[in-house]
Amino acid sequence: MTPSSKADKKAAIDIAAWTFNIVTSVGIIIVNKALMASYGFTFATTLTGLHFVTTTLMTFVLRWLGYIQPSHLPIRDLLKFVVFANFSIVGMNVSLMWNSVGFYQIAKLSMIPVSCLLEVAFDKIRYSRDTKLSILTVLLGVAVCTVTDVSVNTKGFVAAVVAVWSTALQQYYVHHLQRKYQLSSFNLLGHTAPIQAGSLLLAGPFVDYWLTNKRVDAFNYDAATLLFLFLSCTIAIGTNLSQFICIGRFTAVTFQVLGHMKTILVLTLGFIFFGREGLNLHVVFGMIIAILGMIWYGNASSKPGGKERRSHSLPKTNQLKKDSLLQTSDSDDKV
């Protein structure tokens, strides 16, 4: 296969992966919003546990069909990942409850610099000036779109810090574990989903009662609620899988930067389906800035030196061998 055809194939798969992630992520937001706002099912942690139950069932079926091959993930790394992932879920829910919407959005935006810091510290990644400026442009645009009132208290600030760092670490480890142990997205989900499902279903009802003062077992489950629960859990399979695929193919930073396209899309769909409320000139201006920043980031980070690992004074022959191996490895491609 020629280099150009390999590049075209990779680009096509990358676009498909991002499209899959955007469609499932926006879809689950709309379904969950209806489930919580219209039908009163506000048990977010338990709902996430149910999402991982259906994802676990999907991995069992794929393993039975032979699409998931036996693989190894040390229990220490597995438990570390699950702790980060579960703290991320609970931390985000608590942060949203204890903070204003404005500060919650600022906390979400701070995941990008935190993810950059993790890549610099652990992977020795070096960013070019254009890549850094493009990230700042995306942050500015999304902030203009979404940040309104900003108020914070001590416990809300602590919750936000826990949420941001645990989410950034969880997304970093998705990419790290896939590369370290040569795991596909299906394999990694097969290892992590069952433990996340069990732990969240055990802790979820207690966390949700603490957050809402309501019991999930006392909820009135009518036919409409069960239908939306089924839709939410079904879409969650695609959301979980597409997240692992995207972070595995790219990095946590790229996933965060381009992931804000979903924020823009949700705002736009809200305008289309729910009228002009909330859409004004400064929101449109912020959208334009964010989209231009994403285009700039994609261009800047893909250029030589835009985003690369720092080399450490290797002998010239060894460095040439390493470069040759990197060029022939599809799994090391980055955006």
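Restricting segment 58-74 to residues that are of a type in the set (A, V, I, L, M) and modelled with pLDDT of 90 or more, which is nearest to residue 174 (Cα to Cα)?
Here is the first cut: in segment 58-74, the ones of a type in the set (A, V, I, L, M) are 58, 61-62, 65, 68, 73.
Applying the additional criterion that residues be modelled with pLDDT of 90 or more yields 58, 61, 73.
Numbers: 58: 19, 61: 22, 73: 12 Å.
Restricting to residues being of a type in the set (A, V, I, L, M) and modelled with pLDDT of 90 or more, the top hit is 73.
Among what's in segment 176-190 and is of a type in the set (Ser, Thr, Tyr) and open to solvent by less than 50 Å² (accessible area, probe 1.4 Å), pick the residue that is nearest to residue 72 (Cα to Cα). Full working, then the answer.
Taking segment 176-190 and keeping what is of a type in the set (Ser, Thr, Tyr), we get 181, 184-185.
From what's left, open to solvent by less than 50 Å² (accessible area, probe 1.4 Å): 184-185.
Working: 184: 11, 185: 13 Å.
If we take residues in segment 176-190 being of a type in the set (Ser, Thr, Tyr) and open to solvent by less than 50 Å² (accessible area, probe 1.4 Å), then 184 is nearest to residue 72 (Cα to Cα).
I need the full set of residues from segment 18-70 which are polar (S, T, N, Q), open to solvent by 50 Å² or more (accessible area, probe 1.4 Å) and closer than 29 Å to residue 182 by Cα, in order please.
19, 69
So, of the residues in segment 121-151 that are basic (Lys, Arg) and part of a helix (DSSP H, G or I), which turns out to be most open to solvent (accessible area, probe 1.4 Å)? Walk me through how you get there before you give the answer.
Filtering segment 121-151 for residues basic (Lys, Arg) gives 124, 126, 129, 132.
From the residues that got through so far, the ones that are part of a helix (DSSP H, G or I) too are 129, 132.
Numbers: 129: 168, 132: 114 Å².
Of everything passing the filter in segment 121-151, 129 is most open to solvent (accessible area, probe 1.4 Å).
Restricting to segment 152-182, name every residue that is touching a helix residue (DSSP H, G or I) at 6+ places or on another chain (Cβ under 6 Å) and in a loop (DSSP other than H, G, I, E, B).
Listed by number, the list holds a single entry, 152.
Six or more apart or on different chains, Cβ atoms under 7 Å: show the pairs whose first residue is in segment 47-74 and within 23 Å of residue 203 (Cα to Cα) and whose second is open to solvent by 30 Å² or more (accessible area, probe 1.4 Å) and among the polar types (S, T, N, Q).
If the second residue must be open to solvent by 30 Å² or more (accessible area, probe 1.4 Å) and among the polar types (S, T, N, Q), the pairs left are 54/234.
Kindly indicate whether residue 334 is modelled with pLDDT under 70, within 25 Å of the chain's Cα centre (by Cα), surrounded by 11 or more Cβ atoms within 10 Å (Cβ to Cβ) and of a type outside the set (A, V, I, L, M).
Details: modelled with pLDDT under 70: yes; within 25 Å of the chain's Cα centre (by Cα): yes; surrounded by 11 or more Cβ atoms within 10 Å (Cβ to Cβ): yes; of a type outside the set (A, V, I, L, M): yes.
Yes: the conditions hold for residue 334.
The values are calculated or read from the model by the stated rules, or taken from the named source; none is laboratory data. Given the structure is predicted, the values throughout are model-derived calculations rather than measurements. Note that we place each Cβ from the backbone using ideal geometry, even for glycine, and neighbour counts take in every protein chain shown. For the accessible areas, the whole protein counts, side chains as well, though only heavy atoms, and no ligand, DNA or RNA atoms are used. Shrake-Rupley method; radii C 1.70, N 1.55, O 1.52, S 1.80 Å.
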